[in-house]
Amino acid sequence: MMHAFALHSSVMRAVLRRMFASPLAGLLNILVIGIALSLPAGMYVLLQNAQGLVAQLSGTPQISLFLNLGAKADDIDRLQKRLAQHPGIASVEFVSRTQALDQLKQSTGLADVIGGLEKNPLPDAFVIRPKSGEAQALEVLRIELAKLPKVEQAQLDSAWAYKLEALLKFGRMVVLILASLLSLALIAITFNTIRLQILTQRDEIEVAKLIGATNGFIRRPFLYFGALQGLLGGITAWLIITASLLLFNHQLDALAQLYASQFSLHGLAPADSLSLLLFSLYLGWLGAWLSVTRHLSQIEPR
């Protein structure tokens, strides 16, 4: 156990010496990886914050049913009983024409103007709170309720929020595609870095094979190098995202005060941060494994 630990420790020290033997090239590689990873990760953070803002603004979805002006009390009673028995409806609130007009007077401050009207132009209405908050289910329910007798119009009050939510889903797809493409690019960067190292150490590898070193022993430092480079790139990406959010929040604070709001951008959650670091480490290891497997088989002692 101690022997294996000492062996891996010595390999890691050798990898660190090799990485910082040419610090400028190593730092540039790490910076490129960090910037590339920060792009999809930063977009993911912005989408998460936007999703939270949508949920905060939209609140509980409601469907407003506006009845025909000719709807009578019996029609309203039958419709209310039918709505109360609907399996997709959590609660139903009836708003009479008189009540709606009184609320309009209080909310607009135009009591004198509204009082001068010859008759009440507002219809009776039902305010419905559905059980499901899914956008597609709400739209299906709205269409169904719009076909009920004496219903003039069915309006989904949070329709704009669900349209924005659909846009956020599209954004998540864009982030996924961008992350996939940049992941391939990072694997290619590591692949090329390890290839150059193998070519510069070709003579050492041949000597190691002559004295009986296995491919696994020769491969290990290159894999450690790729994994460490990927991990440092992930840490750089995390630092870029964190610093960017601090700058954004500094500007948002001044803007939020003008609108009496307390909205601020939240950074990566601990689980997301850990996922970013592990993913970057894996990409570095994968690029190194592909490169060393490809080129090590071509090197044989002469």
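The values are calculated or read from the model by the stated rules, or taken from the named source; none is laboratory data. As the structure is a computational prediction, the values presented were derived from the model and not from experiment. FYI the Cβ positions are ideal-geometry reconstructions off the backbone, even for glycines, and counts take in every protein chain you see.
Computed values, structure above
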quantity: Test: residue in region 64-78 that is in a helix (DSSP H, G or I), at pLDDT 70 or above and under 30 Å from THR190 (Cβ atoms); calculated: no
quantity: Odd one out for PHE217, checked against (1) touching a Lys or Arg at 6+ places or on another chain (Cβ under 8 Å); (2) aromatic (Phe, Trp, Tyr); (3) free of Cβ contacts under 8 Å to residues at least 24 places away in the same chain; calculated: (1)
quantity: Residue check, GLN257 modelled with pLDDT under 75 and part of a helix (DSSP H, G or I); calculated: yes
quantity: Failed condition for GLY233, given (1) modelled with pLDDT of 85 or more; (2) outside any helix (DSSP H, G or I); calculated: (2)
quantity: The lone exception for PHE126 - which of (1) buried (at least 16 other Cβ atoms within 10 Å of the Cβ); (2) touching a helix residue (DSSP H, G or I) at 6+ places or on another chain (Cβ under 7 Å); (3) at pLDDT below 85 it fails; calculated: (3)
